[in-house]
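The numbers here are math on the coordinates, done by the rules we state, and not lab data. Worth saying up front: this structure is predicted, and the values here are computed from it rather than measured. Ideal geometry is used to build each Cβ from the backbone, glycine not excepted, and the neighbour counts take in all protein chains shown.
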Amino acid sequence: MNELPPEIAAKVAQDVYTLTKSDTLEDALLTLNNKYKGILEFPFSEKNLLKGKTGGPFYIKSRTAFGFVLIGKGFLEGHVLILFRGTQYLADWVTNLNAMVSSSAVGQPVHDGFNQAFKSMESQVNDFMGRLTKYNIHTINCIGHSLGGAIATICGEWIQKNYKRVPKIYTFGSPRVGLYSFSSMCTNNVGSQNIYRAHHTMDVVTCIPIWPFYHVPLIGTDYRLESPGSMYSVMTNHDMFEYVKSVSGKSWQQLSGMYDSNTNDASIENWLNDEASTGLNLLSIEWLSKALIYVIRKVFDGAAWLLSKTFSTTFTLMDQLAYVLKKGLDLAENVSSWVVALVKKIMRMLGMGLHVDIAEMTTHFIRYVLQNLQERVNRHVRQVLDNVLVNGRAI
Amino acid sequence: MLMIKLLILVFVSVLSNGVVAMGLSDAGKVCLFSGMSGVIKLDGKVAVGARLVRTVNKEKDIKDETTTDENGYFEFEPVFERTITKYLPMEFAVSQVIWVHYQDKEYKMWSGVKRRPEENIESRGKPLVVECELNSEKKVIEVNNSPIISLCTWDVEADPKIDFETIMKRGY
């Protein structure tokens, strides 16, 4: 069995914060040996202390340790662990919010902040990978929590592309890493069975950046864990200590059965057709982002010519989205019905009246609904974060 | 490609509306180093007038120092910080170091990483009262997932050892 059990993956994701915060490398080594003696070792001197840059283009950048690489021994012989640290510093947190997109190893769009964090360590990972030949390695594990999970995902894709080796990727509370095409290609290249994404259902970090960013794997199993706190327990739900508690004593198979996380096309269609009242919450936002992409894809599939028309004007983005969806309404029923379902679903989520038929769904109207949605989603996420700060003041 | 462009534009639009902008002015209280007292000895004899320099680092170094009295006794006040990080989804990890300067020699008495924001987690809630022998071997102990490498002993039980081999064999 080459996969790491959830508890081991979580423990090392937790301990990478400790290792990178140790006063000296010697102290980190003592700490590592105290817990993992005979199981995990530093492979070679200071080379294994990966250093990364933090901070976005508008913030002061500093160099700081970001991760470790470890070689397995004993019953972990043949394993390599590449560990990345998450948001420990405020500057990192700001980086997380400071997003544009840039190209991943296979040329797909990923969050630029995450990508730059990985790129700042790429040469060291490359150096490390080059030295691996002297070890008899069968499994490369990329592991991280929070920002570290996003970097681990980008690193995994990079290893697959550059070394033609299929890594295993373990993430806990990772934000969304890239756009649809990245998630799709990464899932295909690495294989959904090699990607272990564990997340508490109410972990707000996993909801950012908001659509159109997607999680990896796009299809297959993700490991949804019951949240230890309420929706407003931002810290608790994202805490790596809580992730360790949530997965300890359970196998991946047991964790996969905790929640039905199947979101294939059929389940998206079911969700769109479900007329039950749906509030705006972290889960429904996640579903909505999947449904939106699904419907846009259907429209483009049904009218490829639309691609050349779109973006040829000076319309705003919201206008263009509304334009694409409106064009979808004019297509065959197997496309238009999904546009109608999407618009109605959004209206239900927003608590808007449903007395509108297809003829009334003008570009202007669709744009109005989308605009409302965007404002409400923004407000919702802000509320979650603000509530945290209000609680802080109260204490 | 146009699909990607569309998705990028959607994202940029969302972000430009400041979805995740928030005020960073609020504050909460976290403990970076619990209050500590104790006795310093060298070869079993109390170290009088030893200078202890403490450095705490969360994002930046905070330094202070104290000196042992005629009984080798010292006290450090707890170090607190008001920070929003207690309430944001960020991992808490604080480096703690104490160097002792005594009789022209330096001893690294304490080097730890505090992983929880509560006070006295280094001693499981009790006051942190240590006895340190400068000529002893470094000991590593993990308490509440916070490793401490020190020349000291105090009343605390280490975290139980994890049987990784069994976990690996069973898959959980």
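Odds and ends about this structure:
- Under 5 Å between amide hydrogens, built in the peptide plane, is the criterion, and for residue B:152 it picks out B:139 among residues at least 5 positions away or on other chains.
- Computed from phi, the 3J(HN,Hα) profile of the range B:156-164 under the Karplus parametrisation 6.51, -1.76, 1.60 (θ = phi - 60°) reads 7, 9, 6, 4, x, 5, 8, 8, 5 Hz, with x in place of Gly and Pro.
- Label separation (residue A:360 vs residue A:372): 1.1 nm, computed from points 7 Å beyond Cα along the C-beta direction.
- On the basis of the beta-carbon distance and an R0 of 60 Å, residue B:131 and residue A:193 show a calculated FRET efficiency of 0.65.
- Phi-based couplings in Hz for the range A:134-149 (Karplus 6.51, -1.76, 1.60; Gly and Pro marked x): 7, 9, 8, 9, 10, 9, 9, 10, 9, 9, x, 10, 6, 3, x, x
- Per DSSP, loop GluC sites (Glu not before Pro) in the range B:110-155 with at most 11 further Cβ within 10 Å: B:137
- For chymotrypsin sites (Phe, Trp or Tyr not before Pro), the sites in the range A:133-236 that DSSP calls loop and that have at most 16 other Cβ atoms within 10 Å are A:135.
- The H on the amide N of residue A:196, modeled in the peptide plane, is under 5 Å from the matching H of A:169, A:170, A:171, each at least 5 residues off or on a different chain.
- Exposure proxy ranking for A:176, A:197, B:51, B:116, based on other Cβ atoms within 10 angstrom of each Cβ and starting from the fewest, stands as B:51, B:116, A:197, A:176.
- Phi-based couplings in Hz for the range A:185-194 (Karplus 6.51, -1.76, 1.60; Gly and Pro marked x): 5, 5, 4, 5, 6, 8, x, 4, 5, 9
- Under 5 Å from the amide H of residue A:331 lie the amide H atoms of A:336, each residue being 5 or more positions distant or on a separate chain, with H modelled from the backbone and absent for Pro and chain starts.
- Using the Cβ-Cβ distance between residue A:137 and residue A:24 with R0 set to 35 Å, the FRET efficiency works out to roughly 0.80.
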